[in-house]
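Chemist: Sharing a structure, written as structure tokens. Questions coming.
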Amino acid sequence: MNVILVGPPGAGKGTQAETIVQTFRIPHISTGDMFRDAVRQGTELGKKAQEYMNAGKLVPDEVTIGIVKERLSQPDCDRGFLLDGFPRTVVQAEALDGIMESLGKRIEVVLNIAVPDEIIIERIVGRRSCKKCNAVYHVKFNPPKVEGICDKCGEPLFQRADDREETAAQRLKVYAEQTNPVLDFYVKKGVVVNIDGNRSRSAVWEDVKKALESYDNN
Ligand code: ADP
Ligand code: AMP
């Protein structure tokens, strides 16, 4: 099952991804997580990505496409994968088509998680993330059992540098300008399923699960 999650920052992609990958046993490929890991490790990729991320801008296409191409070629993607946060530009979507063709695969479904902008800012500003396992929480909507500590791995939680209000607004602007056209790209291919993300996590999950079950052939 080859799936893409689309939706503005803070829509709940990472949250739904945690349950999707457990249920359908496919790898979670989040370009945001890959960039944050690289920044933490101080690699060349991290150095290239950091300044764009902190400004709420997109990392250049050639850098992003390169890391996704390499990741999708790994054997754990043979049974399928969940792309989260990629593609975010039409250039990336076209490059992904080429990568899929060279691997003899195709994108089967694009889940579009829609949430209005005014709801999103509160979600982003209250998000807390785990540095070690990338799990996401919210101070109000999904608090950890012990404040500031990851339920899953016991590490301290942190607030992402780009989750402050000013940067969040910039990221929404970038989404509207550069990522909305990606949705049209996949609508034309007839693979988009729209999900109302402005509901509880479990209500969203019910729809996500229903949408994906018909593609699960493992
Ligand atoms: P994305 O990966 O799309 O940027 P996240 O999954 O990280 O979004 O969610 C953003 C924030 O909103 C997190 O703090 C998360 O706990 C919270 N969140 C996710 N889904 C919901 C929901 N259905 N209702 C309320 N808050 C949610
Ligand atoms: P995310 O975790 O998906 O919210 O992404 C965080 C940041 O990483 C974005 O604001 C971008 O700076 C960068 N990023 C993640 N995915 C991409 C992508 N597909 N293209 C360009 N930049 C990306």
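Chemist: Using the Kirkwood formula over every pair of different C-alpha atoms, what hydrodynamic radius in Å results for segment 132-218?
Modeler: Result for segment 132-218, one decimal place: 16.3 Å.
Chemist: Another question, then. Kirkwood hydrodynamic radius (Cα pairs, Å) of segment 3-72?
Modeler: For segment 3-72, inverting the mean 1/r across all distinct Cα pairs yields 13.2 Å.
Chemist: May I pose another question? Can you pull out the trypsin sites (Lys or Arg not before Pro) in segment 168-218 that DSSP calls coil and that have at most 16 other Cβ atoms within 10 Å?
Modeler: Arg199
Chemist: Please sort by residue number the GluC sites (Glu not before Pro) in segment 122-194 whose DSSP state is loop and whose Cβ has at most 10 other Cβ atoms within 10 Å.
Modeler: Glu147
Chemist: In segment 57-102, what trypsin sites (Lys or Arg not before Pro) fall in a loop by DSSP, with at most 14 other Cβ atoms inside 10 Å?
Modeler: Arg79
Chemist: Another question, if that's okay. Beta carbons within 10 angstrom, averaged per residue: use that to sort the peptides 97-106, 150-159, 5-14, highest first.
Modeler: Highest to lowest by the protection proxy: 5-14, 150-159, 97-106.
Chemist: Non-local amide H neighbours of Cys150 (under 5 Å, H modeled in plane, Pro and chain starts lacking H): which ones?
Modeler: Glu155, Leu157
Chemist: For segment 100-176, how many pairs of lysine residues have a Cα-Cα distance under 26 Å, where the two are 8 or more positions apart or belong to different chains?
Modeler: Count of close lysine pairs: 8.
Chemist: Whole-Hz ³J(HN,Hα) for each residue in segment 75-86, computed from phi via Karplus 6.51 cos²θ - 1.76 cosθ + 1.60 with θ = phi - 60°, x for glycine and proline: what do you get?
Modeler: So the J values, rounded to whole Hz, are x, 5, 8, 4, 8, x, 7, 10, 8, 10, x, 8.
Chemist: For segment 14-64 and segment 110-144, what is the centre-to-centre distance using only Cα atoms, to the nearest Å?
Modeler: Between the Cα centre of segment 14-64 and that of segment 110-144, the gap is 15 Å.
Chemist: Please list log₁₀ I(q)/I(0) at q = 0.18 Å⁻¹ for the chain, using the Debye equation with identical point scatterers on the alpha-carbon positions.
Modeler: Values returned for q = 0.18 Å⁻¹ are -1.57.
Taken together, the values in this text are just the output of simple stated rules run on the coordinates, not laboratory data. Please read these numbers as outputs of a predicted model, since none were measured by experiment. Methodologically, a virtual Cβ is constructed for each residue, glycine included, from the backbone with ideal geometry; neighbour enumeration extends over all protein chains shown.
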